[in-house]
Amino acid sequence: MERFDRPQLADFLRRRREALQPEDVGLGRGSRRRAAGLRREEVALLASMSTDYYARIEQGRGPQPSPPMLAAIARALRLRQDEHDHLFLLAGHTPPSRTTRSEHVSPALLRVLDRLDTPAEVKTDLSETLAQNALAVAAFGDDTGHEGPSRSLVYRWFVEPDGRGRHHEADHERLSRAYVANLRRARARHPEDVRGAELVDRLLERSAEFRALWTEHDVAPRPDDALKRYLHPQVGELELHCQILMADSDAQILLVYTATPGSETAEKLRLLSVIGAQEFAADPAAPTGETIGDAGQPRTRLRRPAPQAGSRETNR
């Protein structure tokens with residue numbers, strides 16, 4: 001364990017916060033702004049933690065942040081990879097290895113999310129959602145709050161009862177095959193990845209359908225602009241083209257969902273940009289997203305860390 005340097009951690013966070021402007025992270029500037037950069041409550045909101053928890057860390061009087069907390073703060077502050085590693089060292093943790101997949105989403109990629117006026121999200125090659133813009137949360141729900149194996153869409157699809165609720169039943173077989181093929185390719189690219197191996201083992205144990213498809217060893221590529229149909233509880237069916245526009249690494253992809261101009265889905269997306277994600281979940285236990293700034297202004301939703309015992313941190 002590295003030494004937890006509380007004063008230096010506090011100073012580093014404060015200086016990085018003051019160096020950011022609201023426009024850098026997709027927030028509205030608003031009025032009566034006196035802070036040199038972002039406000040503490042804005043960083044806390046972007047990191048999905050309580051303002052009190054973040055403020056105490058920045059003031060040098062909080063608990064030692066866990067690695068998931070640090071990762072959320074690093075994304076909120078748009079830290080570069082070297083700054084991300086420095087943050088971990090100051091907090092007394094060894095930075096995550098870069099030899100396989102990383103959950104660090106680059107500032108450049110987050111800026112792309114902030115500025116897109118269509119649903120977009122960053123996923124790992126295990127189909128774990130790392131970041132979403134506000135319109136993606138409004139259209140699909142907040143997928144960043146899952147924990148354990150449920151972080152993977154593939155696991156939820158094959159194991160959890162409500163994993164397929166947002167898709168037409170007629171699309172289920174095609175999507176099942178696509179998810180298995182994508183996971184098979186990810187395992188081939190990173191054969192030493194422990195998390196990927198554990199995910200496959202869990203799926204083989206718990207899903208007969210997954211076992212049958214896995215034995216077919218299908219790795220056929222899927223078209224990037226495949227049409228996907230989503231069932232939204234408020235606005236009905238959304239027909240969206242899913243495109244992979246760029247990759248931060250071979251273990252991260254940016255998915256952008258577009259509607260045909262002038263179509264009914266395009267009108268529904270415009271409506272969702274105003275309604276916001278708070279109208280998405282009929283289930284009160286389902287996670288919801290938040291927006292800040294002007295109505296319809298996209299804001300990236302980052303993967304929220306698990307609460308830490310005794311930290312008084314509260315997830316949103």
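The values are calculated or read from the model by the stated rules, or taken from the named source; none is laboratory data. Predicted model, so just to flag it, every value in this text is computed and none were measured. As a convention, Cβ positions derive from the backbone with ideal geometry for all residues, glycine included, and neighbour counts pool all protein chains shown. In case anyone asks, the SASA skips ligands and DNA or RNA and just uses the protein heavy atoms, side chains included. Shrake-Rupley method; radii C 1.70, N 1.55, O 1.52, S 1.80 Å.
Inside the stretch 153-170, residues that are hydrophobic (A, V, I, L, M, F, W, C), under 18 Å from residue 182 (Cβ atoms) and either open to solvent by 50 Å² or more (accessible area, probe 1.4 Å) or touching a residue at least 40 places away in the same chain (Cβ under 8 Å) (or both) make up a count of 3. When the stretch 176-189 is filtered for residues that are open to solvent by less than 20 Å² (accessible area, probe 1.4 Å) and free of Cβ contacts under 8 Å to residues at least 40 places away in the same chain, the ones remaining, listed by number, are 176, 180. In the stretch 17-32, the residue that is farthest from residue 120 (Cα to Cα) out of those that are surrounded by 13 or more Cβ atoms within 10 Å (Cβ to Cβ) and touching a helix residue (DSSP H, G or I) at 6+ places or on another chain (Cβ under 8 Å) is 17. Residues that are over 15 Å from residue 76 (Cα atoms) and among the hydrophobic types (A, V, I, L, M, F, W, C) were ranked within the stretch 4-47; the one that is modelled with the lowest pLDDT is 35. What about residue 192, is it more than 21 Å from the chain's Cα centre (by Cα), open to solvent by 80 Å² or more (accessible area, probe 1.4 Å) and either of a type outside the set (A, V, I, L, M, F, W, C) or over 17 Å from residue 257 (Cα atoms) (or both)? It is true that residue 192 is more than 21 Å from the chain's Cα centre (by Cα), open to solvent by 80 Å² or more (accessible area, probe 1.4 Å) and either of a type outside the set (A, V, I, L, M, F, W, C) or over 17 Å from residue 257 (Cα atoms) (or both). May I ask you to verify whether residue 114 is over 19 Å from residue 196 (Cβ atoms) and assigned to a helix (DSSP H, G or I)? It is true that residue 114 is over 19 Å from residue 196 (Cβ atoms) and assigned to a helix (DSSP H, G or I).
When you go through 96, 68, 7 one by one, which is the residue that is part of a helix (DSSP H, G or I), open to solvent by 20 Å² or more (accessible area, probe 1.4 Å) and either closer than 24 Å to residue 193 by Cβ or free of Cβ contacts under 8 Å to residues at least 40 places away in the same chain (or both)? Exactly one residue qualifies, and that residue is 68.
Residues of the stretch 241-280 that are small (Gly, Ala, Ser), assigned to a loop (DSSP other than H, G, I, E, B) and at pLDDT 80 or above: 259, 262, 263. Restricting attention to the stretch 48-60 and to residues that are modelled with pLDDT of 90 or more and not in a helix (DSSP H, G or I), the residue that is nearest to the chain's Cα centre (by Cα) turns out to be 49.
The listed residues are 40, 75, 61, and the only one of them that is of a type in the set (Lys, Arg) and open to solvent by less than 10 Å² (accessible area, probe 1.4 Å) turns out to be 75. When the stretch 126-149 is limited to residues that are farther than 23 Å from residue 234 by Cα and more than 13 Å from the chain's Cα centre (by Cα), the one that is surrounded by the fewest Cβ atoms within 10 Å (Cβ to Cβ) turns out to be 148. Scanning the stretch 36-51 for residues that are among the small types (Gly, Ala, Ser) and either within 22 Å of residue 132 (Cβ to Cβ) or touching a residue at least 60 places away in the same chain (Cβ under 8 Å) (or both) yields a total of 4.
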